[in-house]
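The values are calculated or read from the model by the stated rules, or taken from the named source; none is laboratory data. Since we're looking at a predicted model, the values are computed, not measured. Backbone-built Cβ (ideal geometry, glycine too); neighbour counts: all protein chains shown. Accessible surface is based on the protein model in full, side chains and every heavy atom, while ligands, DNA and RNA are left aside. Shrake-Rupley method; radii C 1.70, N 1.55, O 1.52, S 1.80 Å.
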Amino acid sequence: MIQHPYKNFIDPIPVRIHNQPTYCAYVEEETDGKPWFHDIKEYLSNGEYSEHANHTQKRTLQRLSNHFFHSGGILYRRTPDLGLLRCVDTKEASKRLEDVHAGTCGPQMNGFILAKKILRAGYFWMTTETDCVQYVRKGFQC
């Protein structure tokens, strides 16, 4: 409880700690050869879940799929202003990082500006901002 200057008391804010996260935005290398968006793409095109998905994973996939759009074999992420960003895998993401950082878009930028320029160029992956910050911290010479 916190005492207010006028002798009124403010009720405590309840905080719940979950034992298991429902969704994690950390994406590593694709160990199974499938891109990070494979499950979302399959759900949107066929309406099927992966064979080992439990109930929580199915609900998370349903919620995630609301933000994506599948057309012509390419998965796009919807933006709040109704734009579409093309989803890319890790190989293409690293190529886009190098292209935008060293290209005519303007060298010597920090990670957050690099992430914004990649999004403005129309590309998306779940760890865009984290990857851009790590890429700039490595200090590649332009």
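None of Gln57, Gln108, Gln20 is at pLDDT below 90, open to solvent by 90 Å² or more (accessible area, probe 1.4 Å), under 24 Å from Gly139 (Cβ atoms) and out of contact with any helix residue (DSSP H, G or I) (no Cβ under 6 Å at 6 or more places or on another chain) except Gln108. The condition of being touching an Asp or Glu at 6+ places or on another chain (Cβ under 7 Å) and open to solvent by 40 Å² or more (accessible area, probe 1.4 Å) does not hold for Phe69.
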